Amino acid sequence: MRNWWQQAVIYQIYPRSFADSNGDGIGDLRGIIGKLDYLAGTLGVDAIWCGPVYPSPQVDFGYDITDHTAIDPIFGTLDDFDALVTAAHARGIRVIIDLVPNHTSDRHPWFVESRSAPDSPKRDWYVWADPLPGGLPPSNWTSEQGGSTWEFDEPTGQYYLHSFHRTQPDLNWRSPRLRAAMLDVVRFWLDRGVDGFRIDVLHMIAKDPELTDNPPRPDATPNPADLQHPDYDTQWHVHDRMHPDLYGYLAEIRDLLEEYSRRTGQERIAIGEVEPMPWDSWTRFLGSELDGVHFTFNFNFIESPWHAAGLRASIGAQEAALPRGAWPNYVLSNHDRPRLATRNGPRSARLAALLLLTLRGTPTLYNGDELGLEDLEIPREEWLDPLGRDQVRGPMPWTSSRNGGFDSSPADASPWLPVPTRYLERSVERQLADPGSILNLYRRLLAFRRTSPALLRGEYRPLDCPPDCLAYLRSTPEQTLAVLLNLGAENATVDVPRPGHALLSGDRTPRRRFVVAAHEGLIVQLEPEVP
Ligand code: BGC
């Protein structure tokens, strides 16, 4: 028997773009509540991760928080949040929310107080440092948004650290009082019934206290699977993150989750968001006794080259890296990176569905990927996000009518981002009516996954197959499935170890050899092994 989060398919909701209940052009909590039947019934996912809905000036679209224990009016109220948790739980859906521990908005009252004077009682809640001789910033660290991570504060004569935008000062987890305040934030949401947290940039919460310069990276090449400012890649980010003190801070969060899990009988989890990194660093967040995060988003998979050998290597590497008892996970898109159908081409989207939902481990599906959406094309001068990530955050097209039914109120506002005609052609409404649509493929796969012991908990074993194919077995004593995926542009023939029949497709004739169409895949149920 596995824990809920090991059996679950997690669905990432980008709240601004999911569903707008009040016609102001921005998605909101009531909008999400209105779509829970879609999530639980029509689609069939088990948990939602809802992006940040806290009060915020929205410079970083909610990752710049001014109050950790309230809801921004653009998204609704605390009552709406409570209603979302209740309605989700009533449908068997768990609710995971963002915890943003690395920084706040510069308008957060904590920072306003910290900034007010060098001897402010909250000065050490943030990272402040004196200028170097000549007034230079305390280190050469560069930010994901370009330029130095240090901002000079004229009135108090010191620099503050901002690993992201200059309006997002970094918190100082070395301060016990700050840690206590953040644990209170965690308690606040646990008391409201949330099932877990996605911890934003967990690898960054502790930095080198000596503020040592990062070494230069002369061979910097931009990463096409990520959206960062070119400045960011000009150095190796070794001193501005990943300081080992962070594991102790993480343990404090995990202890609190354990306390609540024990007390309420409802298991509460922590998912780490960390940048792609070598596997041994990545697994360290799990804790030496599996007492850190429950899992860390597997972004190495997002960055894996989209060909059979690359994916096979990436899957094998995670399987090999995980310590005993740890659980794998897979991610193919999120709100920070080009969508998978844009990165890998629209023909990759169906195959990605088969891959994501048949590997061993917890899949996280980004809203809109079930429709095969591609990125919006927004000219640079119209970007709202400094890194252009609006393009991967387009509104969900629910219907094929005006604005894709994103705005469900009679008011006539335009959505905060455009809903292009090609999104309307991929709307939920239209795809539900088409048995061959990618949405119906997701629905069939999700329904099958729920009842398949091999997919929920079976072992993973790669199979020999032609070079453009990726084939693997998923097996438990009661069920063995072979998953055959053809990433090539020609049909391919794949052999399975015992006779079996294809599932979720018309032809159920048992055979040992299958023809897999280009860019398609098959799930084959093998006959039981004869002892
Ligand atoms: C979030 C981003 C955000 C950044 C700073 C990330 O990893 O996913 O959307 O800009 O953290 O909070």
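Just one of the numbered conditions (1) outside any loop (DSSP other than H, G, I, E, B); (2) in contact (Cβ under 8 Å) with a residue 24 or more places away in the chain; (3) crowded, with 20+ Cβ neighbours inside 10 Å is not true of N403: (2). The residue that is nearest to the ligand (Cβ to nearest atom), among those in the range 193-223 that are farther than 19 Å from T283 by Cα and among the hydrophobic types (A, V, I, L, M, F, W, C), is V194. Per the conditions (1) over 30 Å from D37 (Cβ atoms); (2) more than 16 Å from the ligand (Cβ to nearest atom); (3) under 24 Å from the mean Cα position of the chain (by Cα), the sole criterion not satisfied by G92 is (1).
Can we say F301 is touching a Ser or Thr at 6+ places or on another chain (Cβ under 6 Å) and crowded, with 17+ Cβ neighbours inside 10 Å? When the stated conditions are applied, F301 passes them. If the condition is being in contact (Cβ under 8 Å) with a residue 40 or more places away in the chain and touching a helix residue (DSSP H, G or I) at 6+ places or on another chain (Cβ under 7 Å), then the range 329-353 contributes S333, H335, D336, R337, P338, R339, S348, A349, R350, A353. Just one residue in the set S56, S105, S120, S139 is out of contact with any Leu (no Cβ under 9 Å at 6 or more places or on another chain) and more than 19 Å from I199 (Cα to Cα); that residue is S120. Filtering the range 323-358 to residues that are more than 16 Å from the ligand (Cβ to nearest atom), within 15 Å of Y442 (Cβ to Cβ) and either of a type in the set (A, V, I, L, M) or surrounded by fewer than 19 Cβ atoms within 10 Å (Cβ to Cβ) (or both) leaves L340, A341, A349, L351, A352, A353, L354, L355, L356, L357. Return yes or no: is W398 of a type in the set (F, W, Y) and within 16 Å of the ligand (Cβ to nearest atom)? The answer is no for W398.
Across the range 206-234, the number of residues qualifying as of a type outside the set (K, R) and farther than 29 Å from L340 by Cβ comes to 11. Looking at V494, V516, V483, just one residue is surrounded by 13 or more Cβ atoms within 10 Å (Cβ to Cβ), under 18 Å from L351 (Cβ atoms) and within 30 Å of the chain's Cα centre (by Cα), and that residue is V483. Considering (1) more than 16 Å from the ligand (Cβ to nearest atom); (2) touching a helix residue (DSSP H, G or I) at 6+ places or on another chain (Cβ under 6 Å); (3) within 30 Å of P222 (Cβ to Cβ); (4) not acidic (D, E), say which one S148 fails and leave the rest. Answer for S148: the failing condition is (2). Based on this model, can you work out whether F111 counts as surrounded by 22 or more Cβ atoms within 10 Å (Cβ to Cβ), under 30 Å from A88 (Cα atoms), within 16 Å of the ligand (Cβ to nearest atom) and aromatic (F, W, Y)? No: the conditions fail for F111.
Only one entry of A88, A70, A117 meets the criterion of being within 23 Å of A270 (Cα to Cα) and without any contact (Cβ under 8 Å) to a residue 40 or more places away in the chain, and that entry is A70.
For the range 380-394, does any single residue satisfy the condition of being out of contact with any Cys (no Cβ under 6 Å at 6 or more places or on another chain), modelled with pLDDT of 95 or more, away from the ligand (no atom under 16 Å from the Cβ) and not in a helix (DSSP H, G or I)? No, the range 380-394 contains no residue that is out of contact with any Cys (no Cβ under 6 Å at 6 or more places or on another chain), modelled with pLDDT of 95 or more, away from the ligand (no atom under 16 Å from the Cβ) and not in a helix (DSSP H, G or I).
Here the range 45-64 is the region considered, the condition is being within 14 Å of T167 (Cα to Cα) and near the ligand (Cβ under 9 Å from one of its atoms), and the residue that is surrounded by the fewest Cβ atoms within 10 Å (Cβ to Cβ) is F61.
Candidates in the range 159-177 are the residues that are in contact (Cβ under 8 Å) with a residue 24 or more places away in the chain and surrounded by fewer than 20 Cβ atoms within 10 Å (Cβ to Cβ); of these, the one that is farthest from the ligand (Cβ to nearest atom) is R177.
The values are calculated or read from the model by the stated rules, or taken from the named source; none is laboratory data. Please read these numbers as outputs of a predicted model, since none were measured by experiment. Cβ atoms come from the backbone with ideal geometry, glycine included; neighbour counts cover every protein chain shown.
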